[in-house]
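Since the structure comes first, as structure tokens, the remarks are kept for the end.
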Amino acid sequence: MPIDNSNMLKVIEGFPQQCRTGLELPKGISVSGKIDKIVVAGMGGSAVGGDLLKLYMHSSKIPVFVVRDYRVPDFVDDKTLFFAVSYSGNTEETLAAFEDAERKKAKIVAVTSGGLLGTKAKKAVKIPAGLQPRAALGYLFFPVLGVLNNSGIVDVKNGEIKEMMDILSKTNDFKAVGERIATKIGTRIPLIYASESIGAVAYRWKTQFNENSKIAAFHHLFSEMNHNEIVGYQTMGSEKFLPVFIRDNFDNERIKKRMDITKEIISSKMEVEEVFTKGNFLLSRLFSGLHYADFASYYLALSNKVDPTPVTVIENLKKRLK
Ligand code: F6R
């Protein structure tokens, strides 16, 4: 019996092409008028694109807020560009946030494959259906970026896209790192760390291990972990955990130093793995950093003899809430 019944491997291998299509989908879709803040509402696999956007727009004068809730903050108004992102279009928190944003007169763009959101939203980027939401990150993030680019809110350079696509298309490099990390984790719980500047990458690693490999996984960020979590290592069993540091050449020098020292401290108790982001542009570094986790979580699922695709517990929970 094959374990990967829905061919998750093929979907992961197709990620670079998915990103390219994701950039083409919002063609002709833009917003006009004054915009002084951006809110991205979504849950789970549909929300992580919002986290990535927040990092990408760190140096923009327009702040980005990510909402994983039924309601949106009171500051949402007619100068707010509101993205309602739901792969299925039927996630109740996102639908409620969408309605709240409508009441508050935000400018709304939905990103969805259909569902209720697809029916209700006046402006939407329709994305291909039939995937697990978490496996559709290219379709969920790049349409948002595309709409912002079309609206003159960000200026995505061809060079950024080219570098990212060149890096992502070296599938075998990502596979090799993914297999190495999966083997190293074995039966341990991965603890994923990165700097704040690429924090969404560490969170994506955690959730990919949760949903693809069906294991517990946790994440934390530098330098905050130096002020609390590091103390917990005093009593942590080396056989139970595998810390994985995601390193970025562009991290602040003090962060790099903190990561080096922390690695030394932890290494006296247990193994520490390191993975490096690739590229010069932030987009490449974010997407290369997270693409390793697609393969690592996939190979770990196979070695644990679980099908990486279904997330039955999430589906059942949603049914019970109906
Ligand atoms: C499943 C997954 C979940 C969903 C979440 C919200 O693959 O990633 O985290 O993304 O349950 O559902 P959607 O994305 O349909 O709004």
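The values are calculated or read from the model by the stated rules, or taken from the named source; none is laboratory data. Model, not experiment: these values are computed from the prediction. Ideal geometry is used to build each Cβ from the backbone, glycine not excepted, and the neighbour counts take in all protein chains shown.
Observations, loosely collected:
- Being within 16 Å of the ligand (Cβ to nearest atom), small (G, A, S), touching a helix residue (DSSP H, G or I) at 6+ places or on another chain (Cβ under 7 Å) and under 16 Å from G138 (Cβ atoms) is a property that G50 lacks.
- Breaking point among (1) at pLDDT below 95; (2) under 28 Å from L137 (Cα atoms), for T309: (1)
- When K318, K263 are screened for being out of contact with any Phe, Trp or Tyr (no Cβ under 6 Å at 6 or more places or on another chain), modelled with pLDDT under 95 and part of a helix (DSSP H, G or I), only K318 passes.
- 1 or more residues within 17 Å of the chain's Cα centre (by Cα): qualifying helices (runs of 4 or more DSSP H) within the range 109-180: 137-150, 158-168
- For the range 284-314, a residue qualifies if it is of a type in the set (A, V, I, L, M, F, W, C), touching a residue at least 40 places away in the same chain (Cβ under 8 Å), outside any loop (DSSP other than H, G, I, E, B) and within 14 Å of the ligand (Cβ to nearest atom), and the qualifying residues are L290, A293, A301, I314.
- Options I266, I198; residue that is within 23 Å of the chain's Cα centre (by Cα) and in contact (Cβ under 8 Å) with a residue 12 or more places away in the chain: I198
- The C-beta contact set for the range 80-92 (first residue crowded, with 24+ Cβ neighbours inside 10 Å, second residue part of a strand (DSSP E or B) and modelled with pLDDT under 95, distance under 9 angstrom, 6+ apart or interchain) is empty.
- Every condition in (1) away from the ligand (no atom under 16 Å from the Cβ); (2) more than 19 Å from the chain's Cα centre (by Cα); (3) hydrophobic (A, V, I, L, M, F, W, C) is met by L317 except one, and the failing one is (1).
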